[in-house]
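In what follows, a structure is listed as structure tokens, so that the remarks can point back to it.
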Amino acid sequence: MAKKKMGLEDLGGFVFSTNDSFEPDKYDDEDSGETLKPEDQLLEAHYSSKGRAGKKVTVVKGFIGSDEDLNALGKDLKK
């Protein structure tokens, strides 16, 4: 049986830095309720069927903003 490869997302947001003055909370944008402008966002679209019983889906990663804006983006992408 092949060993499962581990990716960065499997680490659960783990951050490692050798800088003694590094503050990880300063770089955490996901908790802010403010949505960045579209030109400031860097979204990644991935086509996947892993873990979805063979159903193929498009997964968008990297969105920073409120839940309402995320739902609106999802509706626009489905159109």
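The values are calculated or read from the model by the stated rules, or taken from the named source; none is laboratory data. Please read these numbers as outputs of a predicted model, since none were measured by experiment. In this analysis, Cβ positions are derived from the backbone assuming ideal geometry, glycine residues included, and neighbour counts consider all displayed protein chains. These accessible areas exclude ligands, DNA and RNA; they are computed on the full protein's heavy atoms, side chains included. Shrake-Rupley method; radii C 1.70, N 1.55, O 1.52, S 1.80 Å.
For Lys37 and Ser66 in one chain, what is 0.36 nm times their gap in residues minus the Cα-Cα distance, to one decimal in nm?
Details: separation 29, 0.36 × 29 = 10.44 nm, distance 1.20 nm.
Gain on stretching Lys37 to Ser66: 9.2 nm.
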Counting pairs of alpha carbon atoms under 8 Å apart in space and at least six apart in sequence, what relative contact order in percent does segment 35-79 give? 37 percent
Lys75 versus Arg52: modelled label distance in nm, points set 7 Å from Cα along the beta carbon direction: 2.1 nm
Surface accessible to a 1.4 Å probe, Lys37 within the full protein complex, Å²: 120 Å²
